[in-house]
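S.K.: Can you keep this structure in mind? I'll have questions shortly.
The values are calculated or read from the model by the stated rules, or taken from the named source; none is laboratory data. Bear in mind the structure is a predicted one, so any value in this text is a computation, not a measurement. With ideal geometry, Cβ positions are generated from the backbone for all residues, glycine too; neighbour counts draw on all protein chains shown. When the accessible area is computed, the model is the full protein with side chains, heavy atoms only, and any ligands, DNA or RNA have been set aside. Shrake-Rupley method; radii C 1.70, N 1.55, O 1.52, S 1.80 Å.
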Amino acid sequence: MNEKIHTEIEAMSTISTALSELDQDAVRRVLQWANQLFQVKTPIAITPTADSPEPLVPAENQYAGIPELFNAANPTTGLERVLVVAYWFQIQEGVDDWDSFQINKELKHLGYPSGNITRDLDTLMARSPRLVIQVRKEGKTQQARKRYKLTIEGVKTVRNMVNANQ
């Protein structure tokens, strides 16, 4: 048997054993945590129960465009607006990373351009926990285009904004 397949089957067996001892709500929470930790591209369908401790964000790709997600999240600050648009590209569109130009272009279309998108992203990277991380720089000059990614905490922040407005 292929080593990779064997390792995958062992992982499934371990997970199955661990989850079989938990109730349905605990299984849901563990799977939701794992999905966020490993940032799985294909969303795992997790059905909330009547006694779920927290509301779940609507299924990914539910929004027809950035304006609909923006309306659902209702960001009130410039930094929140940056996070929502970044969430669109990373989660809804499934891109691995994005640059500041993409984000500010969409913010301009929405009527909320950033006065200094680089400063905004630096602020989000300086927070604890970090909401954004820089994943690479394309070029050697100081002005070279940088690529960014939302952290798990950044994704949670946007999901909490959407959940708070439901």
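S.K.: Of all residues in the stretch 146-157, which are hydrophobic (A, V, I, L, M, F, W, C) and not in a strand (DSSP E or B)? Write out each step before concluding.
M.R.: Keep residues of the stretch 146-157 that are hydrophobic (A, V, I, L, M, F, W, C), which gives 150, 152, 155.
Passing the criteria: 152, 155.
S.K.: A further question follows. Only one residue in 148, 112, 63, 87 is touching a residue at least 12 places away in the same chain (Cβ under 8 Å), over 26 Å from residue 34 (Cα atoms) and of a type in the set (Ser, Thr, Tyr), so which one is that? Steps first, please.
M.R.: On the way: 148 fails: over 26 Å from residue 34 (Cα atoms); 63 fails: over 26 Å from residue 34 (Cα atoms); 87 fails: over 26 Å from residue 34 (Cα atoms).
Just a single option satisfies the conditions, and that option is 112.
S.K.: Can you tell me which residues in the stretch 121-145 are in contact (Cβ under 8 Å) with a residue 24 or more places away in the chain and outside any strand (DSSP E or B)?
M.R.: Answer for the stretch 121-145, where residues must be in contact (Cβ under 8 Å) with a residue 24 or more places away in the chain and outside any strand (DSSP E or B): 121, 123, 124, 129, 130, 131.
S.K.: Kindly establish whether residue 133 is open to solvent by 20 Å² or more (accessible area, probe 1.4 Å), over 21 Å from residue 32 (Cβ atoms), touching a helix residue (DSSP H, G or I) at 6+ places or on another chain (Cβ under 9 Å) and among the β-branched types (Val, Ile, Thr).
M.R.: Numbers: open to solvent by 20 Å² or more (accessible area, probe 1.4 Å): yes; over 21 Å from residue 32 (Cβ atoms): yes; touching a helix residue (DSSP H, G or I) at 6+ places or on another chain (Cβ under 9 Å): yes; among the β-branched types (Val, Ile, Thr): yes.
Answer is yes for this residue.
S.K.: Checking the conditions here, which among 127, 119 is under 20 Å from residue 161 (Cα atoms) and basic (Lys, Arg)?
M.R.: On the way: 119 fails: under 20 Å from residue 161 (Cα atoms).
Only one candidate qualifies: 127.
S.K.: Select from the stretch 58-75 the residues that are out of contact with any Phe, Trp or Tyr (no Cβ under 9 Å at 6 or more places or on another chain) and among the small types (Gly, Ala, Ser) and write down the one among them that is most open to solvent (accessible area, probe 1.4 Å).
M.R.: That would be 64.
S.K.: Working only within the stretch 151-166, note down all residues that are in contact (Cβ under 8 Å) with a residue 60 or more places away in the chain and among the polar types (S, T, N, Q).
M.R.: The answer is 157, 163, 165, 166.
Each row is one residue, and each column tells you yes or no for (1) under 13 Å from the mean Cα position of the chain (by Cα); (2) open to solvent by less than 30 Å² (accessible area, probe 1.4 Å); (3) modelled with pLDDT of 85 or more.
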site	(1), (2), (3)
20	no, no, no
35	yes, yes, no
41	yes, no, no
46	no, no, no
77	no, no, yes
88	yes, yes, yes
91	yes, no, yes
95	yes, no, yes
114	no, yes, yes
